[in-house]
Amino acid sequence: MALLRPPDTHAEAALADGQECHWSGALPEDVVRDGGASMNASPPLPLAPVDEAYRERARTNGSRFLDAVDAILPGIAAKRFETEAANQVLGTSIAAMTEAGVFRALTPARWGGLEMEPAAFLEGMVRVGSACSSTGWVGGQLNVHSWQIALMDERMQAEFWADGPDARASSAYAPSGTVECVPGGFRLTGRWSFSSGVDHSAWAIVGGIVKDGPDGVPEARSFVIPSRDFVIDQGSWNVAGLKGTGSKSIMLANAFVPDYRTHRIVDEYNETSPGHVLNPGPLYRVGRFTIFWSTMSCPAIGTLAAALEGFVSDARTRHGALGTGSAVAANPYMHLALVKAIGAVESVRRRLSTTWTHNFDVVCRGEPLSRTDRTRTRYEAADANASCFEAFMALHPFAGAGSVLSSHPAQLFFRDLMGMRNHGTAAREQFASIHAQTLLDIPPPPFDPAELKSLLHHC
């Protein structure tokens, strides 16, 4: 019997694969972003409510996706330590996730993707994370990058999904390189770090600042680069936690990027990304940072769940003092830490499902996600990551002296949870403050088109 209960998932409906979306209802009035339109943008493309067929297909695809994910978990879990030693997700795990449909989960239906409900996708990433933290991390990240491609120019989408719906792009959003404007596009030079899963990606999305944008002011953009135009620094990922993510640095030297392979944060702010015309489904109106933040919390939830399963299994029979002392299971101080940890992981897992069921329901009704919904979702994601780390650390003193060995599963869980807790999406204090300011009607700082983090306050 499983120790931890996953949230309920949709298991009904049987619509045919590839069914077309049918839109119903009148278009709502344009939504004006906080502070009004900006940077000479076109009016945002209005959301439209979807009929029940779209929602049922999203649920059905999500249910089938979870079944497929469950089937690959034992093979991935068996290679946790091998993945860490390889300094990247194993090719066999990538192949298994591809076969299960992981990399097409958020791909638009028009490109052969599943375009599933977000709650099922996120639960799937929790489950992959329970099998291997690094594999879950990479599986989730590469998916949200595909989600971003769906917001971009049709030519970019056609190139990206030319060979099928399982295309993958890594990312390095910090604008650490230089961007030069040239006829038809840009030339990029420099080094971008922390590109998770880059060894298994045909593309990379990097961040950069265009010093003299179309509106005469600096602006931040994402630039999509094919793998032939960058070099991976294979010696750059020397870390203690999340080693298996292979989050290596990439280097570009005067790489040309046509304008259509870029994504302006001004368009994200104004809800005028060109891909909205091609992919009008509600999945692509939840906000990039909103779904990205939640995705990054999934492997932490899964890792704690796996750690607790392992701890309980071991504690049932382990005795202290090298097996000569009292039964660990009889320690009342451990009991409290254990049940609190179980409560913590079940709580954040259930909250993730509830929040994203709500978010998807809102956009399916043709309504925009409110700023409160978005800031709450990001806070909850950061809080989940932090809570899982803290719950593990409260229980870890009872894991025994053997847990100090680098080959002990608890050590691997610790290393990976520590790595996740230090990621920018886990800054619980920062995102608590942003969400609280929203609740208290404190105006956000003015939108800055040159600062990617400005989207965290507005979108």
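Of all strands (runs of 3 or more DSSP E) completely enclosed by the stretch 142-235, which ones contain at least 1 residues that are in contact (Cβ under 8 Å) with a residue 60 or more places away in the chain and either among the hydrophobic types (A, V, I, L, M, F, W, C) or surrounded by fewer than 23 Cβ atoms within 10 Å (Cβ to Cβ) (or both)?
It comes to 169-172, 178-182, 185-195, 203-210, 219-226.
Could you list all residues from the stretch 77-112 that are more than 18 Å from D199 (Cα to Cα) and of a type outside the set (D, E, K, R)?
A77, A78, F81, A100, G101, A105, L106, T107, P108, A109, W111, G112
Within the stretch 118-138, identify whether any single residue is touching a Phe, Trp or Tyr at 6+ places or on another chain (Cβ under 7 Å) and assigned to a loop (DSSP other than H, G, I, E, B), and answer yes or no.
No, the stretch 118-138 has no match at all.
Listed residues V179, V144; which is of a type in the set (A, V, I, L, M) and within 30 Å of R421 (Cα to Cα)?
Values: V179 fails: within 30 Å of R421 (Cα to Cα).
Going through V179, V144 in turn, just one is of a type in the set (A, V, I, L, M) and within 30 Å of R421 (Cα to Cα): V144.
Identify the residue in the stretch 236-276 that is of a type in the set (V, I, T) and not in a loop (DSSP other than H, G, I, E, B) and, among all such residues, is farthest from the chain's Cα centre (by Cα).
V257
Is there any pair with a first residue in the stretch 297-326 that is part of a helix (DSSP H, G or I) and a second that is among the basic types (K, R) whose Cβ atoms are under 6 Å apart and which are 6 or more apart or on different chains, and what are they?
Between residues of the stretch 297-326 that are part of a helix (DSSP H, G or I) and residues that are among the basic types (K, R), the close pairs are I301/R349.
Does G402 satisfy the condition of being over 20 Å from T375 (Cα atoms) and surrounded by fewer than 19 Cβ atoms within 10 Å (Cβ to Cβ)?
Values: over 20 Å from T375 (Cα atoms): yes; surrounded by fewer than 19 Cβ atoms within 10 Å (Cβ to Cβ): yes.
Yes; evaluated as a whole, the condition is true for this residue.
For the stretch 79-122, what are the residues that are within 24 Å of V348 (Cα to Cα) and surrounded by fewer than 24 Cβ atoms within 10 Å (Cβ to Cβ)?
R80
Here is a check on your reading of the model: is A410 in contact with a helix residue (DSSP H, G or I) (Cβ under 8 Å, 6 or more places away or on another chain), within 28 Å of A119 (Cβ to Cβ), assigned to a helix (DSSP H, G or I) and of a type in the set (A, V, I, L, M, F, W, C)? Spell out the reasoning first.
Values: in contact with a helix residue (DSSP H, G or I) (Cβ under 8 Å, 6 or more places away or on another chain): yes; within 28 Å of A119 (Cβ to Cβ): no; assigned to a helix (DSSP H, G or I): yes; of a type in the set (A, V, I, L, M, F, W, C): yes.
Considered against the rule, which asks whether it is in contact with a helix residue (DSSP H, G or I) (Cβ under 8 Å, 6 or more places away or on another chain), within 28 Å of A119 (Cβ to Cβ), assigned to a helix (DSSP H, G or I) and of a type in the set (A, V, I, L, M, F, W, C), A410 comes out as no.
Among the residues of the stretch 44-53, is any in a helix (DSSP H, G or I) and surrounded by 17 or more Cβ atoms within 10 Å (Cβ to Cβ)?
From the stretch 44-53, those in a helix (DSSP H, G or I) are 52-53; that's our starting set.
Then keep just the ones that are surrounded by 17 or more Cβ atoms within 10 Å (Cβ to Cβ); that gives none.
Taking every residue of the stretch 44-53 in turn, none turns out to be in a helix (DSSP H, G or I) and surrounded by 17 or more Cβ atoms within 10 Å (Cβ to Cβ).
Determine if the stretch 89-101 includes at least one residue that is in a helix (DSSP H, G or I), more than 23 Å from G241 (Cα to Cα), of a type in the set (A, V, I, L, M) and free of Cβ contacts under 8 Å to residues at least 12 places away in the same chain. Before you say what the answer is, go through the steps one by one.
Of the residues in the stretch 89-101, the ones in a helix (DSSP H, G or I) are 91-100.
Filter once more, keeping what is more than 23 Å from G241 (Cα to Cα): 95-96, 98-100.
From the residues that got through so far, the ones that are of a type in the set (A, V, I, L, M) too are 95-96, 100.
Now narrow it down to the ones that are free of Cβ contacts under 8 Å to residues at least 12 places away in the same chain: 95.
Yes: the stretch 89-101 contains one or more residues that are in a helix (DSSP H, G or I), more than 23 Å from G241 (Cα to Cα), of a type in the set (A, V, I, L, M) and free of Cβ contacts under 8 Å to residues at least 12 places away in the same chain.
If the Cβ limit is 7 Å and pairs must be 6+ apart or interchain, which residue in the stretch 54-69 that is under 19 Å from I94 (Cα atoms) pairs with which residue that is at pLDDT 95 or above and outside any helix (DSSP H, G or I)?
Pairs that qualify, where the first residue is under 19 Å from I94 (Cα atoms) and the partner is at pLDDT 95 or above and outside any helix (DSSP H, G or I), are F65/G101; F65/A105; F65/L114; F65/M116; A68/G101.
Got a sec? Which of A394, A382, A341 is assigned to a helix (DSSP H, G or I), of a type in the set (A, V, I, L, M, F, W, C) and touching a Ser or Thr at 6+ places or on another chain (Cβ under 8 Å)?
Values: A394 fails: touching a Ser or Thr at 6+ places or on another chain (Cβ under 8 Å); A341 fails: touching a Ser or Thr at 6+ places or on another chain (Cβ under 8 Å).
Only one candidate qualifies: A382.
Can you tell me which residues in the stretch 267-301 are surrounded by fewer than 23 Cβ atoms within 10 Å (Cβ to Cβ) and in contact with a strand residue (DSSP E or B) (Cβ under 8 Å, 6 or more places away or on another chain)?
P280, G281
Mind listing whichever residues of the stretch 75-91 are under 17 Å from H408 (Cα atoms) and not small (G, A, S)? Please lay out each step first, then the result.
First pass over the stretch 75-91, keeping only residues under 17 Å from H408 (Cα atoms): 77-85.
Residues satisfying the conditions are K79, R80, F81, E82, T83, E84.
If the requirement is being free of Cβ contacts under 8 Å to residues at least 40 places away in the same chain, aliphatic (A, V, I, L, M) and under 30 Å from Y54 (Cβ atoms), which of these qualifies: V362, V348, V339, V404? Reasoning before the result, please.
Numbers: V348 fails: free of Cβ contacts under 8 Å to residues at least 40 places away in the same chain; V339 fails: under 30 Å from Y54 (Cβ atoms); V404 fails: under 30 Å from Y54 (Cβ atoms).
None of the other options fit; the residue is V362.
So which residues in the stretch 236-256 are crowded, with 24+ Cβ neighbours inside 10 Å and either among the aromatic types (F, W, Y) or within 30 Å of L369 (Cβ to Cβ) (or both), if there are any at all?
L242, T245, S247
Considering the stretch 62-88 alone, what residues qualify as being touching an Asp or Glu at 6+ places or on another chain (Cβ under 6 Å) and in a loop (DSSP other than H, G, I, E, B)?
Across the stretch 62-88, the qualifying residue is only Q88.
Could you tell me which numbered condition G366 fails, if it satisfies all but one of (1) over 18 Å from E309 (Cα atoms); (2) part of a helix (DSSP H, G or I); (3) not polar (S, T, N, Q)?
(2)
The values are calculated or read from the model by the stated rules, or taken from the named source; none is laboratory data. On a predicted model such as this, the values are computed, not experimentally measured, just so you know. Backbone-built Cβ (ideal geometry, glycine too); neighbour counts: all protein chains shown.
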